[in-house]
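Working notes, beginning with the structure itself.
The values are calculated or read from the model by the stated rules, or taken from the named source; none is laboratory data. Computed from a predicted model, the values in this text were never measured in an experiment. Cβ placement follows ideal geometry from the backbone for every residue including glycine, while neighbour counts extend to all protein chains displayed.
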Amino acid sequence: MSKHPATAPFVVNEPCLSRAWAQAFLHIIDNSGKEITPLVLSVTGFQDKGVVAEDATLRQALDELLVQQKMQSVEDVAYTIFPERLWQMSAGNRAKLFEYYRLAFPRYQAMNRKLNGRGLYFERLTSYHKDAPYAGNQLEWIISQYNNRSGVRRSMFQATTFDPVRDHVASSQLGFPCLQHVTFEPTDDGLVANAFYATQLILKKGYGNYLGLARLAAFMAHEMVMPLARLNVMVGIEKLDEIPKTDASMTPLIAAARTCIASQSSDKSNSTHSPRMELETTT
C-alpha cells in the first residue's frame, strides 16, 4: 500500500456553492498531485427557503464536461442525496415525500443496477434498518425529536449512511457509500449541517454532492422551522478523476472556475481561503 504525507486541512469558506467548489478544484489543478487530504468546505449565504447561491456559467461548464465523459449530471448526483423533484411534488408535506420516495426507490434501483444496486443516500437516511425508530427513517426521528421535545441532547440530531454489515467488504473498489455521516446543529443563527466523506471525486461527484447536501439541509431547516445558516463538508480524500489536468476537455471548465473565483472581489471580506503549501503526489 502506498503511503502519503500527513498534511494540514485545506479550508474553503464561501457564500456561494460554485465558488467553494471552484476553490477546491483549482487548488488541485494549480498544485502538484491530484488530491486534497483533507478538504474542509463550508458554504453560507443561503437565500429564502434555504436556496444555495450558484454560478450558472460554472455549473453549465461542469455539466458539459460530465456529458462528454458519460458521467451523471450535477442534478442526478444531487438527487441521490435529496430528491428535490419529489419534495416539490409533496408541496411541503414530508410524509408525502417519504412515501413518494419509498414507492419510487425500486424503480431507481432498476434503472441503474450498477450505480444504485447497493442503495442510495436518501434511501439509507430514510430506511436504514426496519427495527430502528420510525422504521429506520433517521430524518423523521431527528425532526420529531427536535419539534416535540425540549432539552434534547445535541448529539441526537445525526444520521448515518455507512453500514458495517453491508459496507465492510473486501472489494478493491466500492463506489457507495462515500458519504458516511450527517449531523444537524440548531444555532442562534439557524441550522448548521455537517457531513463527512471518506473519499470523493471532485468532478464526477463533488459539486452534485454539495448541492444535494445543501438541499437536504434546507429541507431539514424547513421542517425544524429555522433558517439554514451553514453547510460544512469534511472530505478525507478529495481526488481528481481520471481525466488528466492538461486534457483539452478540461480547458473550458478551468476557465469558468477562474472566472467564478475572480467574481469574488466585490465581497472578498466574506470569503476566507486557507492555503496549503503543496498537495501530495499520488501513484
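General observations
- Checking each residue of the stretch 220-235 against the condition of being within 25 Å of Lys70 (Cα to Cα) and either modelled with pLDDT under 95 or touching a strand residue (DSSP E or B) at 6+ places or on another chain (Cβ under 6 Å) (or both) gives at least one match.
- Of residues in the stretch 69-94 being modelled with pLDDT of 95 or more and among the hydroxyl-bearing types (Ser, Thr, Tyr), the one farthest from Tyr207 (Cα to Cα): Ser90
- Residue ID - modelled with the highest pLDDT, chosen from residues in the stretch 123-178 that are loosely packed, with under 14 Cβ neighbours inside 10 Å and among the hydroxyl-bearing types (Ser, Thr, Tyr): Ser155
- Considering (1) touching an Asp or Glu at 6+ places or on another chain (Cβ under 7 Å); (2) surrounded by fewer than 16 Cβ atoms within 10 Å (Cβ to Cβ); (3) modelled with pLDDT of 95 or more, the lone condition that Glu238 does not fulfil carries the number (2).
- Answer residue from the stretch 175-213, given it is in a helix (DSSP H, G or I) and of a type outside the set (A, V, I, L, M) and is farthest from Ile81 (Cα to Cα) among those: Lys204
- Considering Thr246, Thr251, Thr259, the condition of being touching a residue at least 24 places away in the same chain (Cβ under 8 Å) and β-branched (Val, Ile, Thr) is satisfied by Thr259 alone.
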